[in-house]
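Visitor: One structure coming up, written as structure tokens, with questions to follow.
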Amino acid sequence: MPVLTALYNTQIVSNGNITEGKAVILKEDKILSVVTLADIPVDAERIDLKGAYLAPGFIDLQIYGAGGALFGSLPSAAALKQMELTLLDQGCTGFFATVATNSDEVVLAAIEAAKVYRPNAIGNFLGLHLEGPYINALRKGAHPEKFIKKATLNEVKHWIEVAKGEIKMITLAPELQDDEVISYLNKQNIILSSGHSNATYTQAKAYLNNTIQAVTHLYNAMPPMHHREPGIIPAIFEAKPYTSIVADGIHVDFAMIALAKRELGDKLFLITDAVTAATEGNYPHQLQDDRYVMPDGTLSGSAITMLKAVKNCVNYANIGLPEAVNMASLYPAQLAALKTKGKVEAGYDADLIIFDAEFNSGFTIYKGKNITKHI
């Protein structure tokens, strides 16, 4: 059998460009090279992509559930497996399974599920993102106030030690946390993101890109801009940390996404913040008019995929396709220090999504293998 695969007759979307007339050569789980059609190795298996786009697999650093499995509230190894399978089919080749503010028992159950599942994981499950419980109750959104608390060093150390490397990212309200907690988490190489925060402009300017590397779902669960107390948003625009946004047109109007893109450039990245319907647990999300809400009507997670987020950025936020793809792949990969993901270049992982001009997904290649349907 051929050890090389050549993907040709395609438009390669990578690193801010669209390239035609080239072929992507795969060897095992890596991209071997990007070559002219004349230079395709004679022994390569050729796959005609029929003019479709080929892009790096998407990376979602904040998603709670997929395929009917709401890991973020009802964690289990089975839920992680369902998420991996569903997201691969959608072209998402890397994700942080996210746990929102919840009881200690649920957080520890999520950590245990991640550890149990890890030996059998397909691999696109990259680790856990804890969104809370160390947030500001004034900006709680859909997070239950009864579980919101200030971090203690003892508890944080316990969770990190028990997790054995599975916790990759934590969203918290930095203005409420002790310096010793922030310092400890930074030493563990955990991404700290400001979210559900009521920080002032001055407070945010002090910690952004200093002790806090990122911002969670721009505009949502933070004070709006005001001409007397600017709030955190102008500080974000000035400091330009890696900042996530939910591009569904519901959590954030597309005009505001366009504004954020102009201000933040290559630091703005996409997340789905997606959930699934549930009747159990502390997050009984219900789908209503293309959005998920809590029983009291509070907006909770989104109902989009990463590909739909890319489409929305192109169609409604005046963001070109190459840059929208960067927002879904390269920039989250950079924040998460995934050095071989996010580009279609030699040496990068052979994790790819193929889609047409109408943003219909053709198929996904993961670790060099076609794992879904052909166009």
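The values are calculated or read from the model by the stated rules, or taken from the named source; none is laboratory data. Not measured: the values here are computed from a predicted model. Note that we place each Cβ from the backbone using ideal geometry, even for glycine, and neighbour counts take in every protein chain shown.
Visitor: Among the residues of the stretch 260-287, which ones are surrounded by fewer than 15 Cβ atoms within 10 Å (Cβ to Cβ) and in contact with a Lys or Arg (Cβ under 9 Å, 6 or more places away or on another chain)?
Guide: Correct list: G265 only.
Visitor: Can I ask one more? Find all pairs meeting these conditions: Cβ atoms under 8 angstrom apart; at least six residues apart or on different chains; first residue within the stretch 188-216 and surrounded by fewer than 22 Cβ atoms within 10 Å (Cβ to Cβ); second residue part of a loop (DSSP other than H, G, I, E, B) and of a type in the set (D, E, K, R).
Guide: T200/E229; Y201/E229; N209/K240
Visitor: Take the stretch 322-342 and flag every residue that is buried (at least 18 other Cβ atoms within 10 Å of the Cβ) and either among the polar types (S, T, N, Q) or farther than 16 Å from K267 by Cα (or both).
Guide: Those that are buried (at least 18 other Cβ atoms within 10 Å of the Cβ) and either among the polar types (S, T, N, Q) or farther than 16 Å from K267 by Cα (or both): N326, S329, Q334, K341.
Visitor: Would you mention how many residues in the stretch 329-349 are touching a helix residue (DSSP H, G or I) at 6+ places or on another chain (Cβ under 9 Å) and either hydroxyl-bearing (S, T, Y) or at pLDDT below 95 (or both)?
Guide: 3
Visitor: Turning to a different aspect of this structure: Being of a type in the set (A, V, I, L, M) and under 19 Å from the mean Cα position of the chain (by Cα) narrows it down to one of L287, L270, so name that one.
Guide: Working: L287 fails: under 19 Å from the mean Cα position of the chain (by Cα).
None of the other options fit; the residue is L270.
Visitor: T86 versus (1) in a strand (DSSP E or B); (2) under 17 Å from the mean Cα position of the chain (by Cα); (3) surrounded by fewer than 23 Cβ atoms within 10 Å (Cβ to Cβ): which is the lone unmet condition?
Guide: Here T86 meets the rest and fails (1).
Visitor: So which pairs qualify, if the first residue must be in the stretch 252-265 and assigned by TED's automatic domain parsing to the domain that holds E238, the second must be in a helix (DSSP H, G or I) and modelled with pLDDT of 95 or more, the Cβ gap must be under 6 Å, and the two must be at least 6 apart or on different chains?
Guide: F254/Y316; E263/F237
Visitor: Which of (1) assigned to a loop (DSSP other than H, G, I, E, B); (2) over 26 Å from N370 (Cβ atoms) does I122 not meet, given it meets every other one?
Guide: Only one criterion in (1) assigned to a loop (DSSP other than H, G, I, E, B); (2) over 26 Å from N370 (Cβ atoms) is unmet by I122, namely (2).
Visitor: Output the residue which, of all residues in the stretch 105-127 that are in contact with an Asp or Glu (Cβ under 8 Å, 6 or more places away or on another chain) and of a type in the set (D, E, K, R), is farthest from E84 (Cα to Cα).
Guide: Ranking the candidates gives K115 first.
Visitor: Could I ask something else about it? Residue check: is A110 within 22 Å of N189 (Cβ to Cβ) and in a helix (DSSP H, G or I)? Steps first, please.
Guide: Numbers: within 22 Å of N189 (Cβ to Cβ): yes; in a helix (DSSP H, G or I): yes.
Answer is yes for this residue.
Visitor: All but one of (1) under 23 Å from M169 (Cβ atoms); (2) in contact with an Asp or Glu (Cβ under 8 Å, 6 or more places away or on another chain) hold for Y348; which doesn't?
Guide: Of everything listed in (1) under 23 Å from M169 (Cβ atoms); (2) in contact with an Asp or Glu (Cβ under 8 Å, 6 or more places away or on another chain), Y348 misses just condition (2).
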